[in-house]
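> Structure incoming, see below.
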Amino acid sequence: MEPAIRLTHVSRRFRSGDGELTVLDDVSFDVPRGELVAIVGPSGSGKSTLLALLAGLDRPSAGEVWVDGEPLHTRGEDALARWRRGALGFVFQSFQLLDHLTARENVRFPLELLDHPEAGPRTDRLLDAVGLAGRGHHYPRQLSGGEQQRVAVARAFAAAPRVLLADEPTGNLDGPTGARVLATLDTLRAESSATVVLVTHDAAIAARADRRITLRDGRVVSDERTGASPAR
């Protein structure tokens, strides 16, 4: 079966003064469909750049990036935007909820963009799944950090993405709240069979993934199964 994600000899370089800064250096790996992968490594190791490439928000300087069968390294901006709308979910560390919309409206918003025929019922099911069925009418400022992040997780799964990316999804939360958010994410992943790639500094969270890929100085220095689930 074709993997959900395939990176082949990917490098990303930026101009820096009179020289060049290499942020990712010859990175290659595959992610099977349905797998939960944690990307770990020290600050400056290239984790955020890697996530941006997987989302089609940046382009590699060399190599190929395939996600859900799409060659992101060759697609134009319009094609990438259409692809992201239907195939990709994203959970931001800083939640990125729309302040003028209620929790329910935030979750429903991507469904309305797709003219989903059951936007209302699906929104309600997702809010119930993240334990916020009674909080849908509240605005983000009326919710705790953990509640806001659970709304963000529900929104990311709203359009039933085949691939979901998460950038430090528990980074602004305390331990118990972060664990609950991660459990919510994992439950929705299991229900939708989505492939999830998350960036984290938290070793406990990385240990809950199927697999842990460690970056250092822009290179993959280890790629190992965590024991959280059997190899596929």
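> Any residue in the range 85-102 that is closer than 24 Å to I5 by Cα, more than 17 Å from the chain's Cα centre (by Cα) and not in a helix (DSSP H, G or I)?
no
> Now for a different question. Pick from A152, A190, A209: which is out of contact with any strand residue (DSSP E or B) (no Cβ under 8 Å at 6 or more places or on another chain) and farther than 13 Å from K47 by Cβ?
So the residue among A152, A190, A209 that is out of contact with any strand residue (DSSP E or B) (no Cβ under 8 Å at 6 or more places or on another chain) and farther than 13 Å from K47 by Cβ is A190.
Residue by residue, here is whether (1) modelled with pLDDT of 95 or more; (2) buried (at least 20 other Cβ atoms within 10 Å of the Cβ) holds:
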| residue | (1), (2) |
| --- | --- |
| S193 | no, no |
| V197 | yes, yes |
| H201 | no, no |
| A209 | no, yes |
| R216 | yes, no |
| G227 | no, no |
| P230 | no, no |
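> May I ask you to verify whether L126 is under 21 Å from the mean Cα position of the chain (by Cα), closer than 29 Å to D202 by Cβ and touching a residue at least 60 places away in the same chain (Cβ under 8 Å)?
So L126 fits the description; yes.
> Looking only at residues that are modelled with pLDDT of 95 or more and assigned to a helix (DSSP H, G or I) in the range 128-145, which one is surrounded by the fewest Cβ atoms within 10 Å (Cβ to Cβ)?
Here the answer is R141.
> Go through the range 42-72 residue by residue and tally those that are outside any helix (DSSP H, G or I) and among the hydrophobic types (A, V, I, L, M, F, W, C).
Result for the range 42-72: 7.
> Still on this structure: Restricting the first residue to the range 49-70 and requiring it to be closer than 14 Å to G218 by Cα, which pairs with a second residue that is among the hydrophobic types (A, V, I, L, M, F, W, C) and part of a helix (DSSP H, G or I) meet a Cβ separation below 9 Å and a spacing of at least six or different chains?
P60/L53
> Taking the range 160-172, which residues are out of contact with any strand residue (DSSP E or B) (no Cβ under 7 Å at 6 or more places or on another chain) and either among the acidic types (D, E) or crowded, with 21+ Cβ neighbours inside 10 Å (or both)?
T170, the sole residue that qualifies.
> So which residues in the range 156-179 are assigned to a helix (DSSP H, G or I) and touching a residue at least 40 places away in the same chain (Cβ under 8 Å), if there are any at all?
A156, F157
> Are any residues in the range 103-117 in a loop (DSSP other than H, G, I, E, B) and either on the phi < 0 side of the Ramachandran plot or of a type in the set (S, T, Y) (or both), and if so, which ones?
The answer is L114, H116, P117.
> Same structure again: Since A38 meets every condition but one in (1) closer than 19 Å to E224 by Cβ; (2) out of contact with any Asp or Glu (no Cβ under 9 Å at 6 or more places or on another chain), which condition does it not meet?
(2)
The values are calculated or read from the model by the stated rules, or taken from the named source; none is laboratory data. On a predicted model such as this, the values are computed, not experimentally measured, just so you know. Cβ coordinates were reconstructed from backbone atoms using ideal geometry, including for glycine residues, and neighbour counts include every protein chain displayed.
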